[in-house]
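As C-alpha cells, the structure follows; a few thoughts come after it.
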Amino acid sequence: MKDHPSNLERTSMKRLIAFYTILYKEIHRFVRIWPQTLLPSAVTTSLYFLIFGKLIGGRIGEMNGFQYMDYIVPGIILMSVITNAYGNVVASFYSSKFQRNIEEMLIAPVPGWMMLAGYVGGGVARGLAVGGVVMGIAAIFTSLRIEHPAVVILVFLLTAILFSLAGFLNALFANSFDDISIIPNFVLTPLVYLGGVFYSVDLLPEPWKIISLGNPILYMISAFRYGFLGVTDVSIERALLIIVGFIMVLLGWSLWLLKRGTGLKN
Amino acid sequence: MKALSINDLRKVYKNGFEALKGIHLDVEEGDFFALLGPNGAGKSTTIGIISSLVTKTSGKVTVFGHDLDSNPDAVKRSIGLVPQEVNFNQFEKACQIVANQAGYYGIPRKQAIKRAEECLDVLGLGDKRNETARQLSGGMKRRLMIARALAHSPRLLILDEPTAGVDIEIRRSMWDYLRKLNREGTTIILTTHYLEEAENLCRNIAIINQGIIVENNAMGNLLGKLNVASFILELRKPLEKLPKLTGYRLARIDDRTLSVDVPVELGIHGLFDVLTLQGIEVTSLRNASNRLEQFFMNLVESGRNERPSV
C-alpha cells in the first residue's frame, strides 16, 4: 500500500527533525569541548605559519611565483579541514558505538542514510569552524587573497564531505580505540604531508612526481590552492572529478554497510 | 489487540550459536508481562530483535499489528526500550539526552525539551536536568534511562532488568511508577533477575530457557502449579536432633534455625500442630525463597537435566 501524500510529508518532516537533532548534537559536542577540537588546530597552524612561513620561508624565497608563506596557506587550511572533518566523525561515531548510545538512534525510526548525513554534517561543520579559525590566523601572518571564491567553497565542502565519510567508515569498522588512530596516523598524515602542502609537486624528481600523482590529496590541495592563488599543479576538472568520484565510492560503501548493519547490529 | 506477537522467531549468531529456536509469544495490549530466564537463555536477543538492535534469522514479529519487516518505522515508534546497561553519553546533560531521543522520533526541539523536562520531573530527576549523566548516581541513571525511553510516549515499554543494582527504596518507587504507567494504558514487558519484582508487578509471564519458551501463563496459574513451599523457621530453644515429621522434609541450618518443605496438601497449619506436640516452639517464620523463584528454579533445573551429557 502506498503512503498517503500527507503521511509522506509527515514522515519527511520527522526525518528532517531527526537529522537536525543529530547535527545539533554533533555541533554541540565539538563546541562543548573546544579546547580539544578547535584550539589545537589554531596552535599548530600558528606554529606552521611562524616556522615554515616566517622563519624558514623567508630564506626559501618564491614558489611558483608566490611568497612561500602565501603559497602554503591554502594547503595548511585544507590540511586542518581534512584532519578535523575525519577526526570529528571517527571520534564521535566510534565513542557512540563504544558507549553504545548509538542504540538511541538504532531503535528510533532514523534511517541509516539520515544517521550518516547527520554525522557527515557534523564533520563538515567542524571542518568549516576550524578552517575559519585557520584562515583568521593566516590573515594575521599574510594578506589573504582569493582568486576563485566558488572553487574555494566547492573544494572545501567536497573535501570535508569526503573525509567525514572516510572517518565514518573507519569508525564503523573499528573495534577499539587503537583502530581509530591507525588510519589517521599511518595513512592520512603521510598522504597529507606528501600531498604538496609545503611544496609544489613540480619540484619533485622522477619517479616521485609520478608516484605523487597517485595521492588523491594532492588534487584537493592543488584545486584549493587554485581557488586562492590561481595556480595549480594539476587540472582543476580532473581534481574535482577525483574528489566527487571518491565521495561516490565512500558514500555507496557506507550506505551498503549501514543497510547490512555492519559494525552496528548483531 | 495484541501489543506484541512473535511467531517462530529464530536467531543463529555468526559463530553458530542458536540463541532462539523458534519461539512463539503473544502479549496483550495493557498487559504487564514478565519475560524471565537464566543468563544466556535468549531474553536479550528477543528484546534486541523486537527493538531492531539484532537482526533475526527467521520468524515474524508484529507490534500493535505493524510488521517489523514491512513497517519497521511504525514498530519503532510504538516501542520504548530501557536497556540492561547504562548506554547514554556520559558527558551529556540529562535534559539533552532525553530531548535528543525525542528528536530522533521527529519531535521538534522546543517540544522535545518540554517533553524531556516532563519525563525527568515524573521520575524525580527534575532538579538534575542540567547535570551530566556521569554526575548522577546509579539509581538516577536507571531512572534517566526510563525517562529517555518515554520521550516519545511509546505504547509498549520494554524494560531489560531496569532495577539491577538499585537500592530497595528506589526500586520500590520505580515499581510504583511502572504500575502507574501500566494503569494509564502503557503495555509493559519486563525482564528481571529479581523474581520478587516479576511476582509483584506482572500479570502474565513467559519463561525462556535455552532459546525455547518453556512456560507461558498467567502469574496466578503458574504459582498455583507449585506443590511444595519452602519456609525457614526460627526456634525459641536450640534443637539437639532433628524432629521426625512425616510428609515434611526438614533440614537444620543451625541449632535454632530449620528449613522445611511443606507439601500443599499437608499445609503449614498441620506443621505447627506436629511441632507443638514435640515441644518445639517457633518464634518466627519466613519464605525460604519467593514462590516464583521456586517455580523458576524447578524449570531451569529440569532444563539442565534434559541436556545431553558432554
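Among the residues of the range B:72-92, the ones that are more than 10 Å from chain A (Cβ to nearest Cβ) and part of a loop (DSSP other than H, G, I, E, B) come to 1 in all. For the range B:16-53, the candidate set comprises residues that are under 14 Å from the mean Cα position of the chain (by Cα) and within 14 Å of chain A (Cβ to nearest Cβ); within that set, the residue that is farthest from B:Arg179 (Cα to Cα) is B:Gly42. In the set (1) in contact (Cβ under 8 Å) with a residue 12 or more places away in the chain; (2) of a type in the set (S, T, N, Q); (3) more than 10 Å from every other protein chain (Cβ to nearest Cβ), A:Gln36 fails one condition alone, (1). Scanning the range B:211-250 for residues that are of a type in the set (Gly, Ala, Ser) and in a loop (DSSP other than H, G, I, E, B) yields B:Gly211, B:Gly247.
Scanning the range A:168-182 turns up no residue that is surrounded by 14 or more Cβ atoms within 10 Å (Cβ to Cβ), touching a Gly at 6+ places or on another chain (Cβ under 9 Å) and within 21 Å of A:Val43 (Cβ to Cβ).
Restricting B:Leu144, B:Leu201 to those that are under 18 Å from B:Leu4 (Cβ atoms), in contact with a Leu (Cβ under 9 Å, 6 or more places away or on another chain) and in contact (Cβ under 8 Å) with a residue 40 or more places away in the chain reduces the list to B:Leu201. Here is the figure for the range B:208-230: residues that are at negative phi and modelled with pLDDT of 85 or more total 9.
When you check B:Gly165 against the structure, is it assigned by TED's automatic domain parsing to the domain that holds B:Ile107, within 25 Å of B:Glu29 (Cβ to Cβ) and of a type outside the set (A, V, I, L, M, F, W, C), yes or no? No, not satisfied. If you go through the range B:158-177 and keep only what is outside any loop (DSSP other than H, G, I, E, B), surrounded by fewer than 23 Cβ atoms within 10 Å (Cβ to Cβ) and hydrophobic (A, V, I, L, M, F, W, C), you end up with B:Ile168, B:Ile170, B:Met174, B:Trp175.
Quick check: anything in the range B:127-135 part of a loop (DSSP other than H, G, I, E, B), more than 11 Å from chain A (Cβ to nearest Cβ) and out of contact with any strand residue (DSSP E or B) (no Cβ under 6 Å at 6 or more places or on another chain)?
Here is the first cut: in the range B:127-135, the ones part of a loop (DSSP other than H, G, I, E, B) are B:129-131.
Within this subset, residues satisfying the condition of being more than 11 Å from chain A (Cβ to nearest Cβ) are B:129-131.
If we keep only those that are out of contact with any strand residue (DSSP E or B) (no Cβ under 6 Å at 6 or more places or on another chain) too, we end up with B:129, B:131.
There is at least one residue in the range B:127-135 that is part of a loop (DSSP other than H, G, I, E, B), more than 11 Å from chain A (Cβ to nearest Cβ) and out of contact with any strand residue (DSSP E or B) (no Cβ under 6 Å at 6 or more places or on another chain).
Given the criteria more than 30 Å from A:Leu165 (Cβ to Cβ), away from chain B (no Cβ under 14 Å) and touching a residue at least 60 places away in the same chain (Cβ under 8 Å), does A:Met63 qualify? Answer is yes for this residue. Are any of the residues in the range A:252-259 surrounded by fewer than 13 Cβ atoms within 10 Å (Cβ to Cβ) and within 28 Å of A:Tyr68 (Cβ to Cβ)? No, that holds for no residue.
On inspection, B:Arg142 fails the criterion of being facing chain A (nearest Cβ under 9 Å) and buried (at least 18 other Cβ atoms within 10 Å of the Cβ).
Which residue out of A:Ser164, A:Ser80 is of a type in the set (Ser, Thr, Tyr), part of a helix (DSSP H, G or I) and in contact with a Ser or Thr (Cβ under 8 Å, 6 or more places away or on another chain)? Working first, answer last.
On the way: A:Ser164 fails: in contact with a Ser or Thr (Cβ under 8 Å, 6 or more places away or on another chain).
When all the criteria are applied, what remains is A:Ser80.
The listed residues are B:Ile170, B:Ile113, and the only one of them that is at pLDDT below 95 and either in contact with a helix residue (DSSP H, G or I) (Cβ under 7 Å, 6 or more places away or on another chain) or not assigned by TED's automatic domain parsing to the domain that holds B:Leu201 (or both) turns out to be B:Ile170.
The values are calculated or read from the model by the stated rules, or taken from the named source; none is laboratory data. Treat the numbers as computed from the prediction; the structure is a model and nothing was measured. Cβ coordinates were reconstructed from backbone atoms using ideal geometry, including for glycine residues, and neighbour counts include every protein chain displayed.
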